[in-house]
Structures are given as C-alpha cells and as structure tokens.
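Structure first, then comments.
The values are calculated or read from the model by the stated rules, or taken from the named source; none is laboratory data. None of the values given here were measured: they were computed from a predicted structure. A quick note on method: Cβ atoms are made from the backbone with ideal geometry, for glycine too, and the neighbour counts reach across all protein chains shown.
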Amino acid sequence: MKKTLLLLALIPCYLLAQSPFGQDATWYFSYSAFGFNGYKKVSYTKDSIIQDRTWQVFTVTGLSELKTGPGPDDIIQDTNAVFNDVLLSTRNDSVFYFDAQGSIHVLFDFNANVGDQWQFAYPTTTLGCYALPKATVMAVGYDTINGTPLKYWEIENPMDTFIIQNQKIYMCASGYCLPTKIYKDVGALWYSELFNPSPNICNGNMINLAYNQLRCFSNNAINVNFTNKACDYWSLIGVEENKISAVKIYPNPSNGFVFIEAEKAIAKTEVYNITGQKLRAYTNEKTIELPEQSGLYLVHITLENGGILVEKVVKE
C-alpha cells in the first residue's frame, strides 16, 4: 500500500516535467551569407552547465559553396565549413539563448497570450534604432503544414517610419528583430542568424543579407518538410540547388512592378522587407507587384530545380 501511494505521489511530478525546446529535434536550413550558399543541419549534442543553468548544445554541420560563374560547375565548395554551436535553455515554457556577448535573453515565450510582451535582446541605439527589442503577441493559433498542426505565436516588433536615402521606410525600430511567426516545437521558419534575433539597421548604411530558411524539422512526435524536397542531400547542392544562371529582374528601381526572366521554371517568389519580414508570396508568376510603400525590398526567387536567388529591388 505504501508503494502504491508513493507511486501516485510521483505521477503528477512526472506529468509536469517539462521537455526542453529542441529535445530529440533536428532542423535543416538552406542558407546564404556573403556570397556563400549551402545547407545547415542542427542537432542536439550534449548538455552544458553555464552560469548555473543547464543548456542544450546543438551542433551545426553542413556544406558551404561560392558560385563563381554562370555554369553549374562554376563553384568553389567548402566541405569543411565550420559553424558555431547553438545554446538554448528552457524554463517554464520560455526558451533562452546565449548570445555572442555572453548574455542570456528570452528568445521565445510560449506562455505569452495576445497582448503580452517579452524583451528578446539588449537595447542598442548605435545603428539609428531607438526602440526596445520587444515582441508583442498579436495572435495565437494553429497552422497545418504537411498535415501536421503546429501551434504558432504571431508577434510584432516595434515599428516606425525612417527616412533612408530620402525615402520613407516603415520598418522595425529596434536594433534586433524577431520573425513574425514562431512555432511551439519548431521555432521560426527564418533567421538571419540561427536561433538568434536578427540584427537590424535603422540608419540605412548597410543591409544584412544573410538568411537561414528552414527546410525540414523532425522530432519524436512530428516530421515536417517545408519545401517538399529531400531534407538531407548535401552532395546535390552543386548539381541541383545552384542552377540560378540566366535569371533577370527588371526594372530596378521600379515604380511598382518587377518582371522576372528565367531559363528554369519558377516555383515561387517571395518579397521581404530589409528586416526579413515576408510581405508577399507568388507561385509560378513572372510579374511581381511590390508593396505600396517606397523603399528597399528583397525578392527571393526559388526555381523548380531548387535554385535560390535573392535580389535587392528599390521601389520608388
């Protein structure tokens, strides 16, 4: 009888035990940075104690390439590319990250309800930004992707209008920004830096063109492919993924529309602002309407053979 009572007393503790974000998870990202393109695989390696807190250490492996010409073989491939580890910690449904300065911040707050806020990075005004990097929850709901329901938090960064190169641009007003939709198990579908808030530049002197776009995610409960292409095939990147020759976007600058000419069929085209927020998406179209507001946008083209091209376009 005593053993039974002891077992019953322990059951609630077991049920309330929290699984850390990323447990048994693997992410695959397509990425582009400083002319290099490639793929990254993020997977759990070990636990580490830092500042009296247990951190999950995720190792990032992958392939990096630099395209040197228009042909499919004009590629410098770096099979020994080294990427920084990702350190994440979970407490009370909040996910913390360990930044490059050795500080700890709340990355995602999955306890937040509509109207709640959390500060996800340290404040900085060095690049013309003035607002605190706070996420405000605008909606909580579910998306069904590949038949899998994924709970999301839709958030808004602090926004304001900036005069950049004599143009009014409505954009994130803090030195760091988060993607606008975050999923409970998966995280965000897009990062400038993996599992970190994206650096933001409000004075217009430079643009952060690095991006990591989620390709696939899996853990013990779900398996989701966001691109309908194989998740892990590093060896095919030079053959299939970088066939981006003979792609032309015009006019640039544009008064509202841009046209795309490509030898290969276009799978989709997406328009982002310079903070990484997706504004529009098109399928199999070669005429793209830009947002109404003047400014600088990133046109992200995915070809049916998997080739990816990101082009800066100015809307006058």
Can you tell me which residue within the stretch 257-292, out of those that are among the polar types (S, T, N, Q), part of a loop (DSSP other than H, G, I, E, B) and closer than 24 Å to Tyr191 by Cα, is modelled with the highest pLDDT?
-> Gln277
Does Glu311 qualify as being of a type in the set (D, E, K, R), over 18 Å from Glu65 (Cβ atoms) and at pLDDT 85 or above?
-> no
Evaluate the stretch 121-133: report whether one residue or more is under 17 Å from Tyr297 (Cα atoms) and either under 19 Å from the mean Cα position of the chain (by Cα) or assigned to a strand (DSSP E or B) (or both).
-> no
Could you tell me whether any residue of the stretch 181-190 is at pLDDT below 90, in the same structural domain as Asn37 (by TED's automatic domain parsing), in contact with a Phe, Trp or Tyr (Cβ under 6 Å, 6 or more places away or on another chain) and surrounded by 20 or more Cβ atoms within 10 Å (Cβ to Cβ)?
-> no
Out of Thr148, Thr161, Thr125, which single residue is free of Cβ contacts under 8 Å to residues at least 60 places away in the same chain, more than 29 Å from Asn84 (Cβ to Cβ) and hydroxyl-bearing (Ser, Thr, Tyr)?
-> Thr161
Single match in Gln77, Gln18 (criterion: outside the structural domain of Val186 (by TED's automatic domain parsing), surrounded by 10 or more Cβ atoms within 10 Å (Cβ to Cβ) and either at pLDDT below 90 or assigned to a strand (DSSP E or B) (or both)) = Gln18
Close pairs from the stretch 275-304: first assigned by TED's automatic domain parsing to the domain that holds Ser32, partner surrounded by fewer than 21 Cβ atoms within 10 Å (Cβ to Cβ) and outside any strand (DSSP E or B), Cβ under 6 Å, at least 6 apart = none
Residues of the stretch 245-256 being part of a loop (DSSP other than H, G, I, E, B), closer than 17 Å to Lys315 by Cβ and in contact (Cβ under 8 Å) with a residue 60 or more places away in the chain, in sequence order, are Asn252, Pro253, Asn255
Just wondering, is there one or more residues in the stretch 144-153 that are crowded, with 18+ Cβ neighbours inside 10 Å and hydrophobic (A, V, I, L, M, F, W, C)?
-> yes
Scanning for something under 30 Å from Ile222 (Cβ atoms) and outside any strand (DSSP E or B), does the stretch 140-154 turn up at least one residue?
-> yes
Residue in the stretch 280-295 that is farthest from Val314 (Cα to Cα), counting only those that are β-branched (Val, Ile, Thr) and loosely packed, with under 14 Cβ neighbours inside 10 Å = Thr283
